[in-house]
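Contents: one structure, followed by commentary.
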Amino acid sequence: MRYAICFTPPMGDPLSAVAASWLGRNVYSDEPTELPSIAGLTVSEIAFHTAAPRRFGFHAMIMAPFCLNPAADEADLLKALMHFASAETPFEIARMEVARFSQCWGLVPQVPSQEMHLLAARVVQTFDRFRAPISEDEIERCDPDRLTAPQFSNLHRWGDPYVMDEYRFHMKLTGALNPETARRMEAPLRELFEPYLERPLAIGSLALFIEQDPGAPMRVHSQHPLGKISARLRDGTAKRPAAENLAEGRVARPIPFIMASLLAGC
């Protein structure tokens with residue numbers, strides 16, 4: 001099993017719903033969704049060009065998939081992530097946009113977010129102790145000969161070339177596309193997603209993703225809200241019943257692990 005620490009909007013967020021429809025899979029339930037009917041694109045085309053991001057689900061990667069260090073277990077990881085998230089302050093990315101990067105289409109900040117960049121660096125630094133050392137096969141899969149010097153250094157130090165100064169917050173919507181296909185998909189993607197990008201993107205939680213078996217679809221294991229519970233009670237974000245919060249992906253799952261951590265005085 002592998003784990004990853006990511007950002008994804010709550011289950012009840014309209015952006016999560018439209019992304020699940022576009023990618024053909026709900027990253028929370030792991031259930032398939034009906035692909036949208038879009039003028040100019042066939043359902044089979046959408047399915048083909050979303051195959052890669054469908055497996056990983058709608059997310060922005062923060063700490064890339066890793067196997068647990070033998071000295072730690074899942075309960076340790078959950079406890080640490082809950083503590084870490086509670087000490088962070090929620091924030092917003094003012095404006096997201098549909099844009100191309102690395103031959104893919106996705107959602108990126110219109111202006112790079114320094115808050116997001118610093119949060120990502122803190123996550124990688126804090127949770128590096130939970131990561132098993134990267135293997136030679138994993139290094140080779142990263143094609144080290146094509147990496148820049150900072151990326152190569154990151155790969156060996158952090159297990160991922162694209163962290164720290166090389167980190168770029170993005171949420172993939174397609175796999176790699178040739179220039180002609182990319183041009184054809186631009187207008188449909190903008191028409192589908194831009195109505196959901198008119199408001200700032202709230203960064204209010206971190207999600208722990210799991211990959212049950214090698215190559216299996218990744219899904220949300222638990223959502224960990226940012227900020228202390230007392231602060232969320234003051235601003236009203238933690239007033240709803242726990243069952244409703246769980247339905248929107250706002251509380252960490254599975255509940256027994258979180259309750260066990262609280263009872264242990266963590």
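Structure notes:
- Estimated purely from DSSP H runs of n ≥ 4, each contributing -39500 (n - 2.57), the mean residue ellipticity at 222 nm for the chain is -11000 deg cm²/dmol once divided by its residues.
- The residues neighbouring E211, those whose beta-carbon lies less than 12 Å from its own, together hold a net charge of +1 under the Lys/Arg +1, Asp/Glu -1 convention.
- Estimated inter-spin distance, E180 and E136, nm [label 7 Å along Cα→Cβ]: 4.3
- With 10 Å bins from 0: P(r) over the chain, alpha-carbon pairs, percent: 6, 29, 37, 22, 6, 0
- Amide H within-cut-off set for T174, under 5 Å, with H built and near neighbours excluded: W105
- Apportionment of accessible area to carbon and sulfur, region 73-154, percent (1.4 Å): 49
- In Å, descending, principal axis extents of the Cα set of region 1-82: 52, 24, 20
- Within region 116-211, the proportion of C-alpha pairs whose separation exceeds 15 Å stands at 74%.
- Whole-angstrom Cα spans of region 23-150 along principal axes, big to small: 51, 37, 36
- Summing +1 for each Lys or Arg and -1 for each Asp or Glu among the other residues whose beta-carbon sits under 11 angstrom from that of D160 gives -1.
- Site pair S37 and V18 shows an inter-label distance of 1.9 nm when each label is modelled 7 Å from Cα along Cα→Cβ.
- Global geometry of region 168-216, whether rounded, prolate or oblate, following the gyration tensor of its Cα atoms and the 1.5 cut on a/c: oblate
- Under-5 Å amide H pairs with V27, H placed in peptide plane, nonlocal only: F58
- Under the convention that each Lys and Arg Cβ holds +1 and each Asp and Glu Cβ holds -1, the size of the dipole of the chain around its Cα centre is about 640 debye.
- Global geometry of region 141-195, whether rounded, prolate or oblate, following the gyration tensor of its Cα atoms and the 1.5 cut on a/c: prolate
- If you take all other residues with their beta carbon under 9 Å from the beta carbon of G24, and give Lys and Arg +1 and Asp and Glu -1, the sum is +1.
- Counted residue by residue at 0.36 nm each, then reduced by the alpha carbon distance between them, the extension gain from A121 to I210 reaches 30.0 nm.
- Rounded to the nearest Hz, the phi-derived 3J(HN,Hα) couplings of region 202-209 under the Karplus curve 6.51 cos²θ - 1.76 cosθ + 1.60 (θ = phi - 60°) are 7, 9, x, 6, 10, 10, 8, 9, where x marks glycine and proline.
- Each residue of region 145-161 was assigned a 3J(HN,Hα) from its phi angle through the Karplus curve 6.51 cos²θ - 1.76 cosθ + 1.60 (θ = phi - 60°); the sequence is 5, 9, 7, 6, 4, x, 5, 5, 5, 4, 4, 7, 7, 10, x, 8, x Hz, with glycine and proline shown as x.
- Other-chain or far-sequence residues with amide H under 5 Å of L226's (modelled H): S205, L206
- Computed from phi, the 3J(HN,Hα) profile of region 21-36 under the Karplus parametrisation 6.51, -1.76, 1.60 (θ = phi - 60°) reads 5, 4, 7, x, 7, 8, 6, 8, 8, 6, 8, x, 10, 6, 5, x Hz, with x in place of Gly and Pro.
The values are calculated or read from the model by the stated rules, or taken from the named source; none is laboratory data. What you see is a predicted model; the values in this text were computed from it and never measured. Glycine also receives a Cβ, built like all others from the backbone with ideal geometry; neighbour counts cover every protein chain displayed. SASA here: full protein model, heavy atoms, side chains in, ligands and nucleic acids out. Shrake-Rupley method; radii C 1.70, N 1.55, O 1.52, S 1.80 Å.
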